[in-house]
Amino acid sequence: MKRVLRTVVVAYLFAVGALAWSQASSTDATSLPFGSAVVSDVKGEVSVTLAGNSVSNTAQKGQVLGPNTTIECKKGSALLALADGSQVLLKPNTRVILRAPEQSKGSFLEELIGKITATVKKRSGNEQPFKMGTPTAVITVRGTKFVVEVSKRQQTFVQVMEGLVEVDGFGPMGHPVYLQPGYTTQVGANLSPENPRKLFEDSERGSNSSASRSRKESEGRTGKQSSGASGSGSEVDD
């Protein structure tokens, strides 16, 4: 009787362990094909629309998302773990689409509107760089931390906190710029990026102050209202 009971207990523990391993494996982003992601954390109102589906559903922590999935943060935020090991924090009022790089000219992500903070896993010289797109810019990196914001007028603002970031636009001349930590640029529709500008000194007292001044300066030059990029952490907002 004891032998039978022992066998049952061992079988039960084995089954529980196998189930836990299966669940962990299913949410391990690095085991997924490029273009996929796992929802590492989510707070508030966040929806996902799977490829080929017109109906959106509430995003769930641990959910696996395939290429061409649209993620929309309304009054919420989400942290995505991409298949290449990178992390992308989506802020409220943001909409992005996951992309398979082999099907989208190398892009892993397309940001349509809103603000993200990306922490990209460092690449070696022969590895494919991380590339993402917006309506007005293409951003390429090999391992860095940066912020991208797309305004309602489809202006793109990029701010770099770590590493080196290449920013290009869709202007006729094709003139990319390279941002080092502490620098920012913006790109308008069908234009090349503006020359890199150093962030204001008061950014050390708070990124919101820096972003506000950047937006005001932009509005003064263009006469249009737009949003400025600002740094943030890697935790989702409450």
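Quick notes
- Of all residues in the stretch 53-104, those satisfying the criterion of being in a strand (DSSP E or B) and over 21 Å from V147 (Cα atoms) are N57, T58, V64, L65.
- Set side by side, the residues T119, T94, T156, T134 differ, and just one is farther than 20 Å from N190 by Cα and surrounded by 23 or more Cβ atoms within 10 Å (Cβ to Cβ), which is T94.
We did not get these values from a lab; they are worked out from the coordinates using the rules stated. All values reported here derive from a predicted model rather than from experimental measurement. We place every Cβ from the backbone using ideal geometry, glycine too, and count neighbours over all the protein chains shown.
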